[in-house]
Ligand SMILES: [Zn+2]
């Protein structure tokens, strides 16, 4: 059975880490919209050219471009056994288009990682990056960057009001998507306020359980 996963979750919920782990464990491509956008622009695909032109003009990318780029990516053969989608859909129009793209391809499991607001605020305020190369610092790095040896600093865009503002924008933008999916039997909420390994295990169980098509024999 294919494991087709859409990840939802606010900044600081561990969405990036968990989607990365899930993709790696199951040998599936992790499809993050930022990455495939850059790829498409570089490869000068028709959709990439449209995206590049819009970004050069300082415009936000419309649904058509985003849907085109994600659709192209999901048409590649490495997604046959499944994928983890991070950062898409962002609008109900995109979510409906994804349903059309997924038609006949097995269930689409939507995982929403939920973490209390005060915990998110604390996590985001403590998030550190390398002051030299900008890479995100895992907790194991004590004071210097594991990549380039540079000093670790607290992310400036994560201070106080900016963090709260980002979360507010996230919830406002994501609420319609959660409503779009929440009535489905393949929608799962998982508790992100637990140790990362526990979240990984519960996500794994949720996706496997939700991916079984009714009537299909369990492997
Ligand atoms: Zn560095």
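Values quoted throughout were computed directly from the atomic coordinates according to the rules given, and no laboratory measurement underlies them. Remember, it's a predicted structure, so these values are computed and weren't measured experimentally.
Quick notes on this one:
- Normalised contact order of the chain, rounded percent, pairs of Cα under 8 Å and 6 or more residues apart: 30 percent
- For the pair the range 61-119 and the range 158-203, the centres of their Cα atoms are 15 angstrom apart.
- Whether the range 1-123 is rounded, prolate or oblate, judged on the alpha carbon gyration tensor where a/c under 1.5 counts as rounded: oblate
- Antiparallel bridge percentage (DSSP; both residues within the range 12-154; nearest 5): 60 percent
- The chain, helix-only ellipticity at 222 nm - DSSP H runs n ≥ 4, -39,500 (n - 2.57), divided by all residues, nearest 500: -15000 deg cm²/dmol
- Global geometry of the chain, whether rounded, prolate or oblate, following the gyration tensor of its Cα atoms and the 1.5 cut on a/c: oblate
- Using the Cα coordinates of the range 105-212, the gyration tensor eigenvalues translate into equivalent-ellipsoid semi-axes of 31, 19, 12 Å, sorted from longest to shortest.
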